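Right, one structure below, let's go through it.
The values are calculated or read from the model by the stated rules, or taken from the named source; none is laboratory data. Because the structure is a prediction, the values reported are computed rather than measured. Counting neighbours? That spans all protein chains shown, and the Cβs are built from the backbone with ideal geometry, glycine included.
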Amino acid sequence: MSRQDQLFFPQSDAVRVERTAEDIRLQINLRLNLDEVAEVEAQQLREHARRRPTRRQLTHLACQIYDARRARARVLNEELFGEPAWDMLLALYCLPARGELLTVTGLSYAADVPQSTGLRWQDKLRDEGLIERGPTDVDARKQMLRLTQRGRGLMEQYLTRLFFCDTPVPPHPEAAGG
């Protein structure tokens, strides 16, 4: 092989310094641009952040679900759709907001199940720590029922998920009325 066939790159300190300075400028510009992109993305996230629905919005959703289930039972054979525990949880979540406090007997009616079935499901829900009775100095059938803190938290967690299933993010112009 002759010397002409060999590639020779002159190495001088001036070229190395020049390349290094150019590399540093490119890196700085790249980082600045990335910072700008990150700031734009952060701003978009702030503007379109999902805000936790209010308790009123969740109660409204629970009432819509509860009412839809009652309407369905009037049209279709309700034995096809037996979920007394879910109906009870919905009732205990939304009916007090309508001014309806539920007794042991009333909750069975609200779930549209016989008393014996209602009592069994209420016991199961109490065992799971989702509902509680009180006060204990009255007839058991007339005791008031309510969701426990755990029961309310789980209902709100689930309802929040359902709420966001129907709420586009970011909102579409037609959803925002525009």
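Brief remarks on what is shown
- Inclusion of R141 among residues that are basic (K, R), part of a helix (DSSP H, G or I) and at pLDDT 90 or above is not warranted.
- Exactly one residue out of L30, L61, L34 is modelled with pLDDT of 90 or more and either in contact with a helix residue (DSSP H, G or I) (Cβ under 6 Å, 6 or more places away or on another chain) or surrounded by 10 or more Cβ atoms within 10 Å (Cβ to Cβ) (or both), and it is L61.
- Filter result for L125 (under 19 Å from D67 (Cβ atoms) and modelled with pLDDT of 90 or more): no
- For segment 83-113, filtering for residues that are of a type outside the set (D, E, K, R), assigned to a loop (DSSP other than H, G, I, E, B) and either within 14 Å of Y158 (Cβ to Cβ) or in contact (Cβ under 8 Å) with a residue 12 or more places away in the chain (or both) leaves 3.
- Hits in segment 65-82 - residues which are surrounded by 12 or more Cβ atoms within 10 Å (Cβ to Cβ) and outside any loop (DSSP other than H, G, I, E, B): I65, Y66, D67, R69, R70, R72, A73, E78, F81
- Subset tally (residues that are in a helix (DSSP H, G or I), within 17 Å of the chain's Cα centre (by Cα) and either modelled with pLDDT under 75 or among the small types (G, A, S) (or both)) for segment 37-58: 0
- Residue match in segment 86-98 (condition: closer than 15 Å to R146 by Cβ and exposed (fewer than 15 other Cβ atoms within 10 Å of the Cβ)): yes
- In the condition set (1) within 27 Å of F163 (Cβ to Cβ); (2) β-branched (V, I, T); (3) modelled with pLDDT under 75, V75 is compliant with all but (3).
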